[in-house]
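The values are calculated or read from the model by the stated rules, or taken from the named source; none is laboratory data. Predicted model only: the values in this text are computed from it and were never measured. Counting neighbours? That spans all protein chains shown, and the Cβs are built from the backbone with ideal geometry, glycine included.
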């Protein structure tokens, strides 16, 4: 396959700028010259005429995904689908690119620990593009059914085409050291140097140690056995099944089912797909069928199921609506019940994403507002909540995302314990603001995609303690009503009742096959 052509400055698109005069040894095309003399260079086992000098489209899509994540702070699950289409990958190559990109992102910490033992300098001194290429190579060698020679040859070819000949020699030498041991041997070596069991679990399952501790504590806080920890960590690393939702009254799953999806086992109107480019489905392009985690579907439906029948003319609010998944489902349900949804989002560009998500829903059922959710009282136009308040309010609070690590694998390496301290005050402010704009008797759903007690139970308990006009109500009953019959019984029961009080709900990847969504329901007295 011929090398991919790139003009002058072509590497700028991947966050890599040619270094003219800055000591980086990059030439006018942004490629790096070899730093070592001829005698020092590591040669490939293949003859020069047989070495791969180009980047095959699947690996190139994976590489460009990692560059967007590393250099631009992007999310892999948002970047890769567009690159799959841009490189015109067929189903097989798209599946390969997906496993390669997401797998390398998911196991980045473990792969970096392996690389640290094979590179003669600190990893943070490597060119960012070279480090991303090495991560792709390690994932192929240790975690995919790719022959060693193919992983080496194709990765070095990608580096030669996209970065330069000099880095190609470095990558070849490092990956040969990696290939000298299999995954079991590397894991044993890394764990032998770990200081404690938490660190060993983190290396084995590619989670930072602080997240291993946090997830263990979260299991206990929500009434589950700490012995489930490894199953939870393994579930975080399993390639997630794509969840689909048919917006009520607007979409049908027939096309997706004919294309190989299967009916969902937790939520009505849902389906599970093995992947592929779902944008090829007309129902997805039209917006009546959307990609949405079943846990997100369930908590949105539970807010509607709570509190008895919906009265015509009810006013609903999604306080933190971006990027619009829950808002689209709520708006479709609002239209079916004769209600109207206001979707609020603080960031203008995310507010535009919400508008796009809501376009398939009749305009009579929704409006989008841009504003800080902590200043939600502005939505009442100066009138009291008893007169102009909302009947149902969803607070899908910004959180660490520890419940969605399988879908956003790079998040585990971006987040730190400091984020908990920074997000806690915001979460409390948003819940208080929601209470201020809820009419007496109205319902509030507090939702996070994190099971951490500091973001879930502690937030709700603190606000209830200070707000005498709020009371907790049972969330388990509405969740079971919204779910398929019998799907949340026995070991799959997600409810937690403290001292016999109203239950909160916590879903889990290893139990329910969803993101770890938390739900508490509150009523304004």
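Take the range 219-236 and flag every residue that is within 19 Å of the chain's Cα centre (by Cα) and crowded, with 17+ Cβ neighbours inside 10 Å.
232, 233, 235, 236
Check whether at least one residue in the range 97-112 is closer than 17 Å to residue 176 by Cα and surrounded by fewer than 20 Cβ atoms within 10 Å (Cβ to Cβ), and report yes or no.
First pass over the range 97-112, keeping only residues closer than 17 Å to residue 176 by Cα: 111-112.
After this cut, where a residue has to be surrounded by fewer than 20 Cβ atoms within 10 Å (Cβ to Cβ) as well, the list is 112.
Yes - at least one qualifying residue is present in the range 97-112.
Of the numbered conditions (1) farther than 30 Å from residue 74 by Cα; (2) in contact with a helix residue (DSSP H, G or I) (Cβ under 8 Å, 6 or more places away or on another chain), residue 379 fails exactly one; give the number of that condition.
Result: residue 379 fails condition (2) only.
Restricting attention to helices (runs of 4 or more DSSP H) lying wholly within the range 101-163, give those where 2 or more residues are within 23 Å of residue 198 (Cβ to Cβ). Please lay out each step first, then the result.
Details: elements: 108-116, 128-143, 148-162.
Output list reads 108-116, 128-143.
What is the residue count in the range 164-186 for residues that are in contact (Cβ under 8 Å) with a residue 24 or more places away in the chain and either in a helix (DSSP H, G or I) or closer than 17 Å to residue 66 by Cα (or both)? Outline the logic, then answer.
So the first thing to find is which residues in the range 164-186 are in contact (Cβ under 8 Å) with a residue 24 or more places away in the chain, and the list is 164-167, 169-179, 182-183, 186.
Filter again for either in a helix (DSSP H, G or I) or closer than 17 Å to residue 66 by Cα (or both), leaving 165-167, 169-179, 183, 186.
Qualifying residue count, the range 164-186: 16.
Inside the range 237-254, can you point out the residues that are surrounded by fewer than 15 Cβ atoms within 10 Å (Cβ to Cβ) and either in the same structural domain as residue 403 (by TED's automatic domain parsing) or not in a loop (DSSP other than H, G, I, E, B) (or both)?
254
Could you list all residues from the range 375-397 that are crowded, with 18+ Cβ neighbours inside 10 Å and farther than 14 Å from residue 316 by Cβ?
Step one: of the range 375-397, the residues crowded, with 18+ Cβ neighbours inside 10 Å are 376, 379, 385, 389-397.
385, 397, listed by residue number.
Pick out, from the range 434-512, the helices (runs of 4 or more DSSP H) lying fully within it that include 1 or more residues that are under 27 Å from residue 377 (Cα atoms) and touching a helix residue (DSSP H, G or I) at 6+ places or on another chain (Cβ under 7 Å). Steps first, answer last, please.
Values: elements: 457-466, 476-482, 509-512.
Here the list reads 457-466.
Considering only residues that are under 22 Å from residue 138 (Cβ atoms) and within 16 Å of the chain's Cα centre (by Cα), look in the range 76-99 and name the one that is modelled with the lowest pLDDT.
Of everything passing the filter in the range 76-99, 77 is modelled with the lowest pLDDT.
Could you list, in sequence order, all residues of the range 324-370 that are surrounded by fewer than 24 Cβ atoms within 10 Å (Cβ to Cβ) and either on the phi > 0 side of the Ramachandran plot or not assigned by TED's automatic domain parsing to the domain that holds residue 304 (or both)?
Answer for the range 324-370, where residues must be surrounded by fewer than 24 Cβ atoms within 10 Å (Cβ to Cβ) and either on the phi > 0 side of the Ramachandran plot or not assigned by TED's automatic domain parsing to the domain that holds residue 304 (or both): just 338.
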